[in-house]
Amino acid sequence: MNSLSKVKIQVQVGGQIKWVDADKAFARLMERYTKKQSRLQDNLEKRREKFSKSLDDYVDDYSVEMLEDFMEYWTEPNKSATKMRFELEETWSLSRRLKTWNRNGFGKKKASSTSFKLDATGKFYIGYCEKCNVSDFYEKPQYEESRCCNAKLLEEKRK
């Protein structure tokens with residue numbers, strides 16, 4: 001058996017004020033809200049997919065890993081899940097953002113200083129060139145390249 005709410009509320013419908021059952025009104029509002037949220041989520045997913053496809057043009061220029069990190073960062077939704085990070089920017093040029101992202105090393109996994117051994121003074125870290133295996137001393141090896149070959153620095157000498 002369907003019971004009616006004991007609470008009535010006043011609503012305006014088409015310019016007329018009516019008294020309606022509060023439970024029914026609340027259920028109707030929740031139904032409309034749920035549909036709207038579902039449409040927003042679907043729309044957000046479609047826009048995310050479109051953004052992903054726009055990155056396909058750059059697969060030859062950048063690594064897939066870098067493009068995935070770029071996409072993961074820039075498609076983060078806002079708190080209300082209505083817009084993504086890149087849509088909140090005042091200006092947007094995909095090619096320029098990718099160049100900057102790549103140049104600044106965003107998304108790259110950097111080794112921490114603690115994984116490099118310290119020299120006898122305890123001031124500098126010992127890094128080994130990935131190409132020629134030559135060692136040298138560095139203040140912040142996780143942000144630097146080898147002085148000899150401008151290659152990645154390793155924490156240990158290759159065997």
Being surrounded by 13 or more Cβ atoms within 10 Å (Cβ to Cβ) and modelled with pLDDT of 90 or more is the requirement here; does PHE106 meet it?
no
Please go through the stretch 11-21 and give me each residue that is modelled with pLDDT of 85 or more and either in a helix (DSSP H, G or I) or surrounded by fewer than 10 Cβ atoms within 10 Å (Cβ to Cβ) (or both), ordered by number.
GLN12, GLY14, GLY15, GLN16, ILE17, TRP19
Output the qualifying pairs, or none if there are none: Cβ atoms under 7 angstrom, residues six or more apart or on different chains, first residue in the stretch 147-159 and free of Cβ contacts under 8 Å to residues at least 24 places away in the same chain, second residue not in a loop (DSSP other than H, G, I, E, B).
ARG147/ASP136; CYS148/CYS129; CYS149/CYS129; ALA151/CYS129
So, in the stretch 116-138, of the ones that are charged (D, E, K, R) and in a strand (DSSP E or B), which residue ends up surrounded by the most Cβ atoms within 10 Å (Cβ to Cβ)?
ASP136
Output the residue which, of all residues in the stretch 29-49 that are among the charged types (D, E, K, R) and surrounded by 13 or more Cβ atoms within 10 Å (Cβ to Cβ), is farthest from MET71 (Cα to Cα).
ARG47
Being of a type in the set (Asp, Glu), assigned by TED's automatic domain parsing to the domain that holds LEU94 and in a helix (DSSP H, G or I) is the requirement here; does ASP60 meet it?
no
Which pairs do you get when a residue that is of a type in the set (Lys, Arg), found in the stretch 71-93, comes within reach of a residue that is part of a loop (DSSP other than H, G, I, E, B) and surrounded by 15 or more Cβ atoms within 10 Å (Cβ to Cβ), reach meaning Cβ atoms under 8 angstrom, with the pair 6+ apart or on two chains?
ARG85/THR75
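The values are calculated or read from the model by the stated rules, or taken from the named source; none is laboratory data. This is a predicted model, so every value here is computed, not measured. Neighbour counts run over all protein chains shown; Cβ positions are idealised from the backbone, glycine included.
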